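Peer 1: What follows is a single structure, and I will ask about it in a moment.
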Amino acid sequence: MSLSAEALQKRIHTPILYRDVVDSTNDLATEWLKSGAVHGSAVIADEQRKGRGRLGRMWYTPPGVALALSIILKPHADQLGSIGIAGAVSVAMMCAGLGLEGVSLKWPNDVRINGKKVCGILPEAVWQGDQLLGVILGIGVNVRVQFRDELALTATSLVTEIGHDLDRADLAADLIRRVIGWCAQAGSDALFEQWRSSLDTIGKQVVVGDVQGVALDVERSGALLVQQQDGSVQRVFAGDVMLREG
Ligand code: BT5
């Protein structure tokens with residue numbers, strides 16, 4: 001089913017900017033934030049030509065099959081570290097609400113179904129001098145993306161997992177509502193515990209950059225605590241976890 005501004009605006013009352021094709025919804029949302037977008041506004045595109053992941057990586061968003069959205073949020077600066085977490089928890093709970101099983105989070109905020117990535121999250125803070133203008137919470141969800149090549153080994157789609165079609169406008173509206181709700185709880189015990197209990201990383205052998213060991217726990221800052229073989233515990237704030245199963 002095609003996405004459209006009308007279909008979206010019928011379902012949700014926060015301001016929506018819809019485009020058929022963009023380079024990256026996060027870039028458009030950044031411009032909109034700078035020109036005065038209100039908290040909860042969202043940019044949604046059917047296709048991204050230059051969808052971005054973290055650290056300059058690409059995010060694959062072909063036309064007609066994915067959800068690419070960027071929600072403009074205006075949290076307090078001390079809630080910044082929780083915005084990506086709020087996004088991940090919102091997507092995980094949306095998946096659970098659809099009746100999907102096997103939903104978990106890989107630290108820090110990949111959403112996975114049965115161990116395959118269904119959603120990636122890219123929070124980007126926008127500053128003007130030392131003033132926080134807001135955060136662009138970029139969320140990419142594979143709705144019915146067919147993967148080929150090496151992504152097929154690690155990625156999945158909602159429709160593949162659930163076995164029936166889903167309406168992207170319904171999903172977008174549901175997700176935006178959940179994100180606004182969890183964003184209001186950024187920094188709370190409720191959000192932290194929901195995130196922590198959804199992580200599939202804790203207790204596993206991990207490699208994160210130069211650090212190797214057992215993922216012991218997470219801290220409220222979002223950091224992952226990794227116990228290395230010599231017993232020392234390293235706090236990891238960002239990076240890619242390679243899980244060593246078993
Ligand atoms: C992420 O990065 O997972 C964050 C992705 C955020 C995408 C959204 S879409 C809306 C908004 N606008 C943007 O331009 N971006 C945001 P990272 O953890 O770096 O993961 C990137 C890696 O995931 C790539 O290197 C691929 O290996 C893999 N990948 C790329 N496209 C994928 C897809 N559609 N599904 C699953 N994995 C994918």
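The values are calculated or read from the model by the stated rules, or taken from the named source; none is laboratory data. Since we're looking at a predicted model, the values are computed, not measured. Cβ placement follows ideal geometry from the backbone for every residue including glycine, while neighbour counts extend to all protein chains displayed.
Peer 1: Can you name the residue in segment 126-162 that is loosely packed, with under 10 Cβ neighbours inside 10 Å and under 22 Å from residue 60 (Cβ atoms) and is also nearest to the ligand (Cβ to nearest atom) among such residues?
Peer 2: Taking the candidates together, the pick is 150.
Peer 1: Within the set of pairs 6+ apart or on separate chains, which have a first residue in segment 217-242 that is assigned to a strand (DSSP E or B), a second that is among the polar types (S, T, N, Q) and surrounded by 15 or more Cβ atoms within 10 Å (Cβ to Cβ), and C-beta atoms under 6 Å apart?
Peer 2: 226/234; 233/227; 241/201
Peer 1: Being in a loop (DSSP other than H, G, I, E, B) and hydrophobic (A, V, I, L, M, F, W, C) is the filter here; which residues of segment 175-206 pass it?
Peer 2: Those that are in a loop (DSSP other than H, G, I, E, B) and hydrophobic (A, V, I, L, M, F, W, C): 184, 186, 202.
Peer 1: Would a scan of segment 83-104 turn up a residue that is under 15 Å from residue 199 (Cβ atoms) and assigned to a strand (DSSP E or B)?
Peer 2: Within segment 83-104, one or more residues are under 15 Å from residue 199 (Cβ atoms) and assigned to a strand (DSSP E or B).
Peer 1: Which condition number does residue 41 fail, the rest of (1) farther than 26 Å from residue 159 by Cβ; (2) within 14 Å of the ligand (Cβ to nearest atom); (3) modelled with pLDDT of 95 or more being met?
Peer 2: Going through the list (1) farther than 26 Å from residue 159 by Cβ; (2) within 14 Å of the ligand (Cβ to nearest atom); (3) modelled with pLDDT of 95 or more, residue 41 breaks only (2).
Peer 1: Kindly evaluate residue 178 against the criterion of being at pLDDT 95 or above and of a type in the set (Lys, Arg).
Peer 2: On the way: at pLDDT 95 or above: yes; of a type in the set (Lys, Arg): yes.
Considered against the rule, which asks whether it is at pLDDT 95 or above and of a type in the set (Lys, Arg), residue 178 comes out as yes.
Peer 1: I would also like to ask the following. For residue 100, which of the numbered conditions (1) farther than 24 Å from residue 200 by Cα; (2) out of contact with any Phe, Trp or Tyr (no Cβ under 8 Å at 6 or more places or on another chain); (3) modelled with pLDDT of 95 or more fails to hold?
Peer 2: Failing condition for residue 100: (1).
Peer 1: Further, regarding this structure: Looking at this structure, is residue 87 surrounded by fewer than 14 Cβ atoms within 10 Å (Cβ to Cβ), within 12 Å of the ligand (Cβ to nearest atom) and among the small types (Gly, Ala, Ser)? Talk me through it step by step, then tell me what you get.
Peer 2: On the way: surrounded by fewer than 14 Cβ atoms within 10 Å (Cβ to Cβ): no; within 12 Å of the ligand (Cβ to nearest atom): yes; among the small types (Gly, Ala, Ser): yes.
Considered against the rule, which asks whether it is surrounded by fewer than 14 Cβ atoms within 10 Å (Cβ to Cβ), within 12 Å of the ligand (Cβ to nearest atom) and among the small types (Gly, Ala, Ser), residue 87 comes out as no.
Peer 1: Any residue at all in segment 179-186 that's more than 14 Å from residue 87 (Cβ to Cβ) and either of a type in the set (Gly, Ala, Ser) or over 20 Å from the mean Cα position of the chain (by Cα) (or both)? So that I can check it myself, show each step before the final result.
Peer 2: Within segment 179-186, the first condition is being more than 14 Å from residue 87 (Cβ to Cβ), and the residues that meet it are none.
Looking for residues that are more than 14 Å from residue 87 (Cβ to Cβ) and either of a type in the set (Gly, Ala, Ser) or over 20 Å from the mean Cα position of the chain (by Cα) (or both), one finds none in segment 179-186, hence no.
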